[in-house]
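Asker: Questions regarding the structure given below will be posed in turn.
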Amino acid sequence: MTQNIQKTLEILQKNTTKNPKDSAISSTQVENIAKEIFIMFDSIFDYNLMAQLSLSKDYKTLTKIQQEEYTQAFEQNLKRSFTDKLRLYKDEKLEVLGGEQPKNNRYNLKTSMVLDGKLNYVIFKFYEKEGDWKIYDVDILGISVIQTYRSQFSDILAHSDFQTLLAKLKSEITFESPKQ
Amino acid sequence: MNPQNNNLFLRFYRAILNAPKLTLTFCAIIFFVFGFFALKLPIDASSDSLILENDKDFKTYDSIIKNYTTQDFLILALSPKKGDVFHHDFLTTLQNLTNDLKQIPQIDGILSILNAPLLKSAPNLELQESLKANLTLLSAQTDFELAKQELLHHPFYTQNLISKDLKTAGILIYLKNNTRLEQLRELKNTETNESQKQEIQKLIEQEKGKVQTQNDVTITMLKNLQNKYEGLQIGGITLIASDMIAYVKSDLITYGTSLSVILALMLWVFFGHLRFVFLTLLICLFTLVVSSGIFAAFGFKITVVSSNYVSLLLIINVSLVVHLIVAYLEFYSKFPKASQKNLLYATLLTKQMPSFFAAFTTMIGFLSLIYSNILPIIHLGIVMSLGVSVALLFTFVLFASVSALLDKPKHTTKLSTRQQRFLEFCANLAIRKSKMIYFFAILCVAFSLYGIQNLKVENSFVNYFKDSSQIKQGLLKIDKDLGGTVPLEILLTFPNKVTQSSIDDEFEAEFNSLESQDTYWFDSQKLRLAKIVHNYLEDNPYAGSVLSLHSLVRLIGNLGINADDWTIAFLYKNARDTLKAQIFTPYANLEQNQLRFVLRTFDSNPTLKRNDFIIQIRKDLESLLQNEKVQVQVNGVMVLYNNLLQNLISSQVDTLSFVIGIIFLVFLWIFRNLKLAIIALLTNILPLSAIFGILGISGIPLDLMGVTIAAISLGIGVDDVIHYIHRFKAEIKNHSLQDAILESHDSIGSAMYYTTFIIVVGFCAMMSSNFIPTIYFGFLTTLVMLLMLLSALLLLPALLNSFCKISALRF
């Protein structure tokens, strides 16, 4: 476990040190950094579980094929949104503060950024899976990514069917993204 | 009359006539004591004073005020002399105006295009930097052209700070909240002890009085600025309330004075004696002061509606005195050698019963207003019933005691031959051409029935004021160019989410608990519904400025950021309290699980049918949101006011049926004859229904004052009929039916003629008011009183002649 955490810390720190203080970075740079993060994070993010959690109880009502299709779309969407999010806070310095273990099988890795003179946190939430540690949610500036997905999905499914959700997931639904 | 009663009254009159000075001293003490209270009679024209008693919507309205800390505000509008609002000269003027406004102590904040925060008008700054820099139109880093565009398309500013055509700039002025008033209201809500509650209510009233005074001062200072800044207009509900009070006050003084002058002149013309002029005015003044003192002692307030009590009481009182004077003069001309005391005894004894019944029926007319459900009208009812009792008692006491101190007049004035000829003509017409009179009466009924079906209650605040008045011009400009006037509020209440306890999945439980946190309150459903409702409201042609959570979404959208759940949650968590207070708290209440939409309606739009508009909005929203499990409430000043207006017709029916029923019973009691009672009632109801016919056909809306006309007119109009039939029954004992009619016309007809003309001229004075409902009230009452006189002089004798038998009346 410690090994994995250490690895994550290293990844994060490596990335944050790449981001020199007080310097603006271009959109391409942001995308590159994001890509790099995702390449390194891919093994740590449990996209499958995150997709399931975002759909809550509705996930179980899907067929196997639908589940796969959905999970894939979800992963794409998450990555796209995450990249956009980085752009919003590009000039802030990310620092790893350490972690806390709310439960035996949970670990929250806390990183911080100073935004507008105020200390804000990005928390990577890990859970233990077969002796390994995987990320199941990320709190960005105090807002859970999965929770915001859950709110959107449940609202869509309350009025439309799965296909609509899938279509929206592929096009409309994003986190905020500054329009170019 | 029963002799025992007569004996009792005789003793009472003897006491007065034997000791007139003592009686007058006693009256003077009463006058000064109540005069002291009368000086403290408060005037209230707040929107609270214009609500239905027990209106369930008021509870919701009250909760809105509590849950969404609202601040009273005024809107100023200023237009540039040349160019648009961004012209350099105009911006300088606006800056000067802002500096002048800052000198007014009651103003808490000023928002105009000069200090409105801008977010995307500095091309070289990122969003966060713009936020930090607190950019405004005149900041060094601001690109002027970008700023113009941002202001014009800003969801919070357009139609509030800037008109769509750029020709008018709005300046929002927030008034300081009275924290003590808020504390007291809070205290009252938590207090369980009733007597304590009442004590707190008293303090609340005091505090409200202070707020009103402060608002008046602020408005006066703003009006002074109108001299300095040409074309500066003022608007807002606070102004309407303040100006209504000003009108009420000025009307109280103007009509009190002008009515007194007119009455004095007419009395002098009719009776030719200064003593009768002064006597009448003295009695009226006494009644007014004592009644006002009683109202103040009871804790009543004068509202826009009850302000009419001054003129009403004056008129009713004059009519009581005139009947006494006419009777006195009649006795005097018949028995010129009788002593003053005996003349007075005879006058008082003859007039006591008809005067009592006349006052009694007038009181019933006013008491019927208690059934209106509308607080200011109820107050008017109570105030007038009390006033009429005071008038009846003291008219007799003062008339007797003052006259006892004076010698008999040296000469008497008779009605001019022209007037007498007119009365004779009426009597002859009634006797000879009754069929023609009935034909016109039936025509009148048909006219009324047609008109009544077209009665409407459409009232707009803007139209309460004359076209030429400055307040109307200001209200109109702000209404048309700066997003409307009367606020309407929509509340969407979401059900509290029930966490499913059966979820044993650890992750599900974790996210369910997360969901209940405030940050996640702004979820997709709420944002989606905010958009649906906001867009729907905005599309309504009667809706001006619309503000809601969706305005925030648009604002963020304008910045090029997609406002989804995450962004809103992020903003809510990270926004400074001051920003939160501007963009979140007025439109979302997390504790109540509620979204709020505030819109201002175009009050001056002549096609706006308020009731239909509110019903349509309710219906549309319910259908738009039918699958959403949310509760929709439509509220705000507009709804409260509409409830009141809608209640007018039903309360008119209630009060009228009550007053007609009771007056019929009183007629039966007085006349002890069913036929006479029916005839008397018909004589009064016919002119009254004609008024409703006129209202319906002319399109004059029934308003708060108009609704009182029927009861008031019936109450006053009945007097003529009572006096007439009383006299007629006396005459019929010695005369034939037709002679009795001629005699009655000759004697009592003149008193009716005098009183009606005095009343009519008095009400005509009201037509010079600046307040449109007062003008309508004066006009309609004048008309109804003339019709009532005509009905009493023509229809009544015609009916008596056609349907009454002498044998049945001589008992």
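Asker: Exceeding 23 Å between C-alpha atoms, which entries from my cross-link table qualify? They are B:Lys176/B:Lys197; B:Lys66/B:Lys176; A:Lys57/A:Lys134; A:Lys60/B:Lys573; B:Lys40/B:Lys208.
Answerer: Flagged as over cut-off: B:Lys176/B:Lys197; A:Lys60/B:Lys573.
Asker: Given the Cα-Cα distance of B:Glu230 and B:Val445 and 0.36 nm per residue of separation, how much length would full extension add, in nm? Mind showing how you got there, number by number?
Answerer: Numbers: separation 215, 0.36 × 215 = 77.40 nm, distance 5.30 nm.
Result: 72.1 nm gained on full extension.
Asker: For chain B, what does -39500 (n - 2.57) per DSSP helix run (n ≥ 4), summed and divided by total residues, give at 222 nm, in deg cm²/dmol to the nearest 500?
Answerer: Counting only the DSSP helices, I get -22500 deg cm²/dmol.
Asker: Quick one: which residues, 5+ away or cross-chain, put their amide H under 5 Å from the amide H of A:Leu141? H built at 1.01 Å from N.
Answerer: A:Tyr121, A:Val122, A:Ile123
Asker: Further, regarding this structure: Helix B:674-698 against the longest principal axis of chain B: what's the angle in degrees, Cα atoms only, rounded to the nearest 10?
Answerer: Around 40 degrees separate the two axes.
Asker: Between A:Asn104 and B:Thr585, what's the calculated FRET efficiency when r is the beta-carbon distance and R0 is 35 Å? Round to 0.05.
Answerer: Numbers: r = 41 Å, r/R0 = 1.17.
With a Förster radius of 35 Å, E is 0.30.
Asker: Counting other Cβ atoms within 10 Å, which GluC sites (Glu not before Pro) in the range B:95-181 have at most 14 and lie in a DSSP loop?
Answerer: Listed in order of number, the matching sites are B:Glu126.
Asker: So, one more: In percent, what relative contact order does chain B have, based on Cα pairs under 8 Å that are 6 or more apart in sequence?
Answerer: Values: 1145 pairs, mean separation 154.5, N = 811.
Relative contact order comes out at 19 percent.
Asker: Pairs of alpha-carbon atoms within less than 8 angstrom and 6+ residues apart define the contacts here; what relative contact order does the range B:289-385 have, in percent?
Answerer: Numbers: 58 pairs, mean separation 33.1, N = 97.
Computed over the range B:289-385, the figure is 34 percent.
Asker: Same structure, new question: Holding the Cα-Cα limit at 28 Å, pick out from B:Lys102/B:Lys477; A:Lys125/A:Lys168; B:Lys228/B:Lys301 the pairs that are longer than that.
Answerer: Among B:Lys102/B:Lys477; A:Lys125/A:Lys168; B:Lys228/B:Lys301, the Cα-Cα distance tops 28 Å for B:Lys228/B:Lys301.
Asker: Here is a follow-up. Can you pick out the pairs among B:Lys120/B:Lys167; B:Lys56/B:Lys223; B:Lys480/B:Lys609; B:Lys59/B:Lys466; B:Lys82/B:Lys223; B:Lys167/B:Lys619 whose Cα atoms lie more than 28 Å from each other?
Answerer: B:Lys56/B:Lys223; B:Lys59/B:Lys466; B:Lys167/B:Lys619
Asker: Now a separate question. Can you list the lysines whose alpha carbon sits under 30 Å from that of B:Lys729, skipping same-chain ones fewer than 8 residues off?
Answerer: B:Lys729 reaches B:Lys334, B:Lys337, B:Lys341, B:Lys351, B:Lys408, B:Lys414, B:Lys433, B:Lys435, B:Lys675, B:Lys805.
Asker: Here's another thing I want to ask about it. Can you give the accessible area per residue of the protein assembly as shown, in Å², using a 1.4 Å probe?
Answerer: Heavy-atom SASA per residue in the protein assembly as shown reads 44 Å².
Asker: Then there is this: For the pairing of chain A with chain B, what total accessible surface becomes buried, with a 1.4 angstrom probe, in square angstrom to the nearest 100?
Answerer: Buried surface at the A/B interface: approximately 3000 Å².
Asker: Quick one: how many Å² of B:Arg14 are accessible to a 1.4 Å probe, rounded to 10?
Answerer: Rounded to the nearest 10, that gives 110 Å².
Asker: Short version: ³J(HN,Hα) in whole Hz for each residue of the range B:193-204, in order, from phi by Karplus 6.51 cos²θ - 1.76 cosθ + 1.60 (θ = phi - 60°), x for Gly and Pro, what are they?
Answerer: The phi angles translate into 6, 4, 5, 4, 4, 5, 4, 5, 4, 4, 5, 4 Hz.
Asker: Ordering B:Phe728, B:Phe360, B:Phe425, B:Phe12 from largest to smallest accessible area (1.4 angstrom probe), what's the sequence? Let's see the in-between values first.
Answerer: Details: B:Phe728 0, B:Phe360 65, B:Phe425 115, B:Phe12 90 Å².
Of B:Phe728, B:Phe360, B:Phe425, B:Phe12, the descending order of accessible area is B:Phe425, B:Phe12, B:Phe360, B:Phe728.
Asker: Between 0 and 90 degrees, rounded to the nearest ten: what's the tilt of helix B:565-574 against the longest Cα principal axis of chain B?
Answerer: The angle comes out at about 80 degrees.
Asker: Now a separate question. Taking the alpha-carbon distance from A:Lys110 and a cut-off under 13 Å, which aspartates and glutamates remain once sequence neighbours fewer than 8 residues away in the same chain are dropped?
Answerer: A:Glu95, A:Glu100, A:Asp137, A:Asp139
Asker: In square nanometres and to one decimal, what's the mean projected area of the convex hull around the Cα atoms of the protein assembly as shown?
Answerer: 50.3
Asker: I've got another one for you. Can you tell me the FRET efficiency between B:Gln201 and A:Asp42 if r is taken as the Cβ-Cβ distance and R0 is 51 Å, rounded to the nearest 0.05?
Answerer: That pair, B:Gln201 with A:Asp42, gives E of 0.15.
Asker: Right, another one. Residues with amide H under 5 Å of B:Ala588's amide H, sequence separation 5 or more or different chain, H placed in the peptide plane at 1.01 Å from N; which?
Answerer: The answer is B:Arg596.
Asker: For the range B:577-704, what is the Kirkwood estimate of the hydrodynamic radius, computed as the reciprocal of the mean inverse distance between distinct Cα atoms, to one decimal in Å?
Answerer: Hydrodynamic radius (Kirkwood, Cα only) of the range B:577-704 equals 19.5 Å.
Asker: Roughly how tilted is helix B:470-481, in degrees to the nearest 10 and between 0 and 90, from the longest Cα axis of chain B?
Answerer: Roughly 40 degrees, rounded to the nearest 10.
Asker: Next question. Could you give me the ³J(HN,Hα) list for the range B:555-564, computed from phi with Karplus coefficients 6.51, -1.76, 1.60 and θ = phi - 60°, whole Hz, x at Gly and Pro?
Answerer: 4, 5, x, 4, 7, x, 10, 6, 7, 9
Asker: Tell me, in nm to one decimal, what length is gained between B:Asp505 and B:Lys164 on full extension, where the rule is 0.36 nm per residue of separation less the Cα-Cα distance?
Answerer: Roughly 117.3 nm would be gained on extension.
Asker: Starting at the first residue of the range B:7-16, write each ³J(HN,Hα) from the Karplus equation 6.51 cos²θ - 1.76 cosθ + 1.60 with θ = phi - 60°, in whole Hz, x for Gly and Pro.
Answerer: For the range B:7-16, the Karplus-derived couplings read 4, 4, 5, 4, 5, 5, 5, 4, 4, 5 Hz, x marking Gly and Pro.
Asker: Just reorder B:Arg185, B:Arg576, B:Arg275, B:Arg432 by solvent-accessible area, largest first, 1.4 Å probe, all chains present.
Answerer: Working: B:Arg185 95, B:Arg576 140, B:Arg275 65, B:Arg432 175 Å².
These residues rank, largest area first, as B:Arg432, B:Arg576, B:Arg185, B:Arg275.
Asker: Under a crude label model (7 Å from the Cα following the beta-carbon direction), how far is B:Asp407 from B:Leu146 in nanometres?
Answerer: 9.7
Asker: Once label points are set 7 Å from the Cα along Cα→Cβ at both B:Arg14 and B:Ile29, what is their separation, rounded to one decimal in nm?
Answerer: Using points 7 Å along Cα→Cβ, the separation is 2.4 nm.
Asker: Using a 1.4 Å probe and counting only protein heavy atoms, arrange B:Leu367, B:Leu118 so the residue with the most accessible area comes first.
Answerer: Descending order: B:Leu367, B:Leu118.
Asker: Here is a follow-up. Using a simple spin-label model with points 7 Å from Cα along the Cα→Cβ vector, what separation in nm is obtained for B:Tyr174 and A:Leu62?
Answerer: With each label placed 7 Å out from Cα toward Cβ, I get 4.6 nm.
The values are calculated or read from the model by the stated rules, or taken from the named source; none is laboratory data. Please read these numbers as outputs of a predicted model, since none were measured by experiment. Positions of Cβ are backbone-derived with ideal geometry, glycine not excepted, and every protein chain shown enters the neighbour counts. SASA here: full protein model, heavy atoms, side chains in, ligands and nucleic acids out. Shrake-Rupley method; radii C 1.70, N 1.55, O 1.52, S 1.80 Å.
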